[in-house]
Amino acid sequence: MRILQIATLFSPDGAYGGPTRVAVNQCRALRARGHDVILAGGAEGYATRPTDVDGVPARLYPARRVLPGAGFAGLAAPGILRLLARARAEFDVVHVHLARDLITLPALRLAQVTGMPTVAQTHGMIDRSENPLAAPLDRTLTGPALRAAGAVLHLTDTERRDLAAAIPGELAFLEMPNGVPEPRTGVRAAMPPEVLFLARLHERKRPELFVDIARELAATGADAVFTVAGPDGGRRSAVVAAAGSVVRVEGAVDPQEVSDRLARASVYVLPSVDEPYPMAVLEAMAVGRPVVITESCGLAPVVRAGGCGIVVDESREGLRAGVTAMLRDPAVATAMGARGAIIARERFGMVTIAERLEAIYDRVRDAQTDESVVRR
């Protein structure tokens, strides 16, 4: 099958985070099963734009910030539209990792207008919004694009409800979890134990709360190293100021090196609130590292049921207690990590994900063909 996947932004520091990693993982898994897969998206930060991403052939186009101050939502990449305008005969299906932005929304809509079978995957990024631009955007682009998609992939029941509340009308919902590749072996956790925050330094991720807890634990004599890593999402200066000499602050991690970086840690902590389905948590589980996450994380039921980490409330006290418990009993933490690796392999392995995508693509393509026959 000839497949085009589109995501918003590719950059050396992996600033766009999970949706881009999901797209790359899916494309690699589909290519391993013999499909012809192309990855497309906006690009910034490269000296020379790459022609492949982690082994996946890529067509990347300059990303332009057409709405200053709007973050990723203000990006556009007109080159993708030119690709789609001439690609009707080149691909059997177009799979768009969709957000309210000016890259993926116009791309999905153009693919539909030109008659291409489409799949939309929203990654928890589309829900009810108080942003004054959301309502007109949803009327003109988001709503029509999602209603016309042959499949709308959601991560959890919560995301499905949020989408249904935000976008009226009938959507072709199908559940699709994120998957995680088999990690490279041989990377061992450092000593003394390292407690790692690895995510975009953005307000929702609450990196400063992690720093505060780390400083408190260090002051009580905790035998651990505390590290913050990830691309800047607007909070790096505040994190550096709060960290002082107690907490190490690293920069962005190359997306291809995230798995190894997680493996060098002993515990992974993500204090985020309302995180839909964080890839870094799955990647930490895959390399056998226990996790500390909050109740509102989309993976909380998996972590709690599988005993592969600690799920806490969103308070400072809850997060501190979770990290303290991990450091107090390394044997229990190690056992949690081992269970996480099994769950990641058996439930979130990329072979399973690729098989599900194949079935979805076949269904969407066949439905589009049948519809075209009826129209004739």
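Expressed as a rounded percentage, what relative contact order does the stretch 194-348 have, with Cα pairs under 8 Å and six or more residues apart? Once divided by the residue count of the stretch 194-348, the mean separation gives 22 percent. The candidate values were (1) 23; (2) 43; (3) 30; the one computed from these coordinates for percent of Cα pairs over 33 Å apart carries the label (3). Counting only DSSP H runs of at least 4 residues, each contributing -39500 (n - 2.57), and dividing by the residue count of the chain, the helix-based mean residue ellipticity at 222 nm comes to -12500 deg cm²/dmol.
Using Cα pairs closer than 8 Å and at least 6 residues apart in sequence, work out the relative contact order for the stretch 109-192, in percent.
Values: 89 pairs, mean separation 26.6, N = 84.
Taking the mean separation of contacting Cα pairs over the length of the stretch 109-192, I get 32 percent.
Taking Pro117, Pro168, Pro57 in turn, the Gaussian network model of the chain (Cα-Cα springs below 10 Å) assigns the largest fluctuation to Pro168. Seen through its C-alpha gyration tensor, with square-root eigenvalues sorted a ≥ b ≥ c, the stretch 296-354 comes out oblate because a/c lies at 1.5 or above while a/b is not bigger than b/c.
Normalising the average separation of contacting C-alpha pairs (under 8 angstrom, six or more residues apart) by the number of residues puts the relative contact order of the chain at 14 percent. Rounded to the nearest 10 degrees, the inclination of helix 330-348 to the longest alpha-carbon principal axis of the chain is 10 degrees.
Per-residue packing, averaged as other Cβ atoms within 10 Å, sorts the ranges 174-180, 109-115, 277-283 into the order 277-283, 174-180, 109-115, beginning with the highest.
Shape analysis of the stretch 1-152 places it in the oblate category; the axes a ≥ b ≥ c from the Cα gyration tensor give an a/c of at least 1.5, with a/b not above b/c.
Close amide-amide hydrogen proximity is noted between Val225 and Glu194, Val195, each under 5 Å apart and 5 or more residues distant or on a separate chain (H modeled in the peptide plane; Pro and chain starts excluded).
Only Lys, Arg, Asp and Glu carry charge here, each on its Cβ (+1 for the first two, -1 for the last two); on that basis the chain has a dipole of about 740 debye about its Cα centre.
Springs between Cα atoms under 10 Å define the GNM used for the chain, and in it the highest mean-square fluctuation of Ala241, Ala300, Ala229 occurs at Ala241. Estimated translational diffusion coefficient (Stokes-Einstein, Kirkwood radius over Cα pairs, 4 °C, 1.567 mPa s) of the stretch 194-348: 86 µm² per second.
Suppose the Debye formula is applied to equal point scatterers at every Cα of the stretch 83-168; what is log10 I(q)/I(0) at q = 0.11 Å⁻¹? These q points yield log10 I(q)/I(0) values of -0.28.
Laboratory data are not the source of any read-out in this text; all were calculated from the coordinates shown. This structure is a prediction, so every number in the text was calculated from the model and none was measured. So basically every Cβ, Gly included, is an ideal-geometry build from the backbone, and we count neighbours across all protein chains shown.
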